[in-house]
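What follows is a single structure, written as structure tokens, with notes after it.
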Amino acid sequence: MALFSGISLKTQELYAIVFAARYLDIFTNFVSLYNTVMKLIFLGSSFSIVWYIRHHRIVRRSYNKDEDTFRHLFLMLPCLLLALVINEKFTFKEIMWTFSIFLEAVAILPQLVLLQRTRNIDNLTGQYVFLLGAYRALYILNWIYRYFTEQHYVHWITWIAGLIQTLLYADFFYYYFQSWKNNAKLELPA
């Protein structure tokens, strides 16, 4: 089986754009060494994945370009327009940060469409998508905890985008848990 046959390059490109837009402050706003290193890891790994899928001679052959046809660029414009209208402060960095939050909420769509289109979901790809969704669901638990334990912890933009992102995974989660419960191969309906 090919390594990247079930992975959407379109989703990986969107995540690279998410992190590039979110971490524009990397060299202008020092928070901590840990924070800077983590931002560099997110950026480096995201762009490396895109490069490998596009250009690495072996990996490129395992990527299924004919099935990964979601027009992901059409997700970017509405997210940018929404960020221009709904933001906490009308500055370039804040608009780009908000854009990254909105784009991250929908970045999984090309991957979910690819999985539904191919219906052939190997174990590693299924676990990858499940863990991406679980990551966001755990963030929601963190937000709930912080809302009740920290004063003035209200971040509507992040909360609503995170909830939308988690809801996009709901169908996948259902079929993932059904396959796990029944000890069967993960398949999504056409």
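The values are calculated or read from the model by the stated rules, or taken from the named source; none is laboratory data. Computed from a prediction, not measured in an experiment: that's the story for all the values here. Virtual Cβ from ideal backbone geometry, glycine too; neighbours counted across all protein chains shown. In case anyone asks, the SASA skips ligands and DNA or RNA and just uses the protein heavy atoms, side chains included. Shrake-Rupley method; radii C 1.70, N 1.55, O 1.52, S 1.80 Å.
Here are a few things to note about the model shown:
- Residue in segment 71-87 that is at pLDDT below 95, surrounded by 15 or more Cβ atoms within 10 Å (Cβ to Cβ) and part of a loop (DSSP other than H, G, I, E, B) present: yes
- Candidates are the residues of segment 134-190 that are among the β-branched types (Val, Ile, Thr) and closer than 20 Å to residue 86 by Cβ; the one that is farthest from the chain's Cα centre (by Cα) is 154.
- Condition check for residue 25: surrounded by fewer than 17 Cβ atoms within 10 Å (Cβ to Cβ), under 27 Å from residue 95 (Cα atoms) and of a type in the set (Asp, Glu): yes
- Residue in segment 34-48 that is among the basic types (Lys, Arg), farther than 28 Å from residue 164 by Cα and either under 19 Å from the mean Cα position of the chain (by Cα) or open to solvent by less than 70 Å² (accessible area, probe 1.4 Å) (or both) present: no
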